[in-house]
Amino acid sequence: IAAVRSAESIWQASVQDRNYFIQESEIVGINGQIVASIEYIFDQSDRDENRARLLRVFVALAAASVVLAVLLGYFFQRALSKPIAEMALSAKRIAGGEAPNRIHYYSDDEIGDLVAGINRLSDDLRDTEIRLRRSEQVAAWQMFARQTAHEIRNFLMPLATTAAQLERWSQSGDVSQERAAEISHSIQTEIQRMKHLLGAFSEFARMPAPELKLTSLTAIIAEIRSDFSEEIALGRIHLESNGASGTLNCDASQIRQVLLNLIKNSFEGNASVVELRIHNSDHKMLFEICDDGCGIDQSRGIDPFTPLYTTKER
């Protein structure tokens, strides 16, 4: 045998109602002539079964690919949408003049560059806000110093006038006991006014450190009820504790003073009803004061926590 040569063509044949594939191979002798041929017969059902198996494998792979693509898209979308949403919120806060919290994004890509830029803007805005607040505080204390000097000059003026008058009477020898008593009374009056003003300034500037100790919330509520018993009886103050109880590590006198000041300010702001609500919030005690007064005009752009800030005429 010189060679075995397979034919290119394949044809079908039916034997006893079954389909077959037939392929022929030729056997070539040493003289170059075909000396025999072999016909291979394949059952078509085997091919159909293999084709069906391949189709099932392909469908399974395609379905797995689709599921994997959906999962990857979902996680990628979440990983991408979260920093974008945070950037949008931060940009909105920056536009409103508020310094937002820093955005955490650790990928070194285009979104990372945007996040870094917004974080730099937030830091710059926060630093600017701190500088402005310090400047406002310095300006407020400068105004406070000017007002203090002005008030002291107001006290010194009548004292200087009285002293000059006393000197004239002394030089003319016309200092009677009645006039001396009048001058003494005038000086004592101005001194008392000076003491009263300086006492108010000292009380304002002292800001004593809080003396923290465990205090029962019930005791604080009882003091508030005692201080405003008449207003509570008239229905002008509603006190709600909502089951809040326990002890606070605080300076009870300063807590009481804050509540007294806020309630007093509410009534001075033309409030007819003030609500004091006390309740637990995240392992903290929350004191909330609400009223129906006119409030603070936000359009003026003044920080109400600036020293000496007031809307009152006096």
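What follows draws every value from the coordinates through simple rules; no lab data is involved. All of these numbers come straight from a predicted model, not from anything done at the bench. Quick reminder, even Gly has a Cβ in these numbers, built from the backbone with ideal geometry, and neighbours come from all protein chains shown.
Taking square-rooted eigenvalues a ≥ b ≥ c of the alpha carbon gyration tensor, is the range 113-239 rounded, prolate or oblate, where a/c under 1.5 means rounded and, failing that, a/b exceeding b/c means prolate? Cα axes put the range 113-239 in the oblate bin. The convex hull defined by the C-alpha atoms of the range 244-302 has an orientation-averaged projected area of 5.4 nm². Summarising the label geometry, the points placed 7 Å from Cα in the beta-carbon direction at Ala160 and Arg134 lie 3.8 nm from one another. Given axes a ≥ b ≥ c from the Cα gyration tensor, I'd like to know whether the range 184-255 is rounded (a/c under 1.5), prolate (a/b larger than b/c) or oblate. Because a/c hits 1.5 or more and a/b fails to exceed b/c, the range 184-255 counts as oblate. Counting only Cα atoms, the range 113-176 measures 89, 12, 6 Å along its principal axes, largest extent leading. Dividing the radius of gyration of the alpha carbons in the range 153-298 by their Kirkwood radius gives 1.26 for Rg/Rh. Of all aspartates and glutamates in the structure, the ones whose alpha carbon falls short of 16 Å from that of Lys312, not counting any fewer than 8 places away in one chain, are Glu268, Asp297, Asp303. Each label point was placed 7 Å from the Cα along the Cα-to-Cβ direction; for Ile191 and Asp124 their separation is 6.1 nm. Say a paramagnetic label sat at a point 7 Å from the Cα of His279, along Cα to Cβ; which residues of the range 226-267 have their backbone N under 17 Å from it? Answer for the range 226-267: 238-246. For the range 227-278, rounded, prolate or oblate, judged on the Cα gyration tensor with a ≥ b ≥ c (square roots of eigenvalues), a/c < 1.5 rounded, else prolate if a/b > b/c? The shape class here is oblate.
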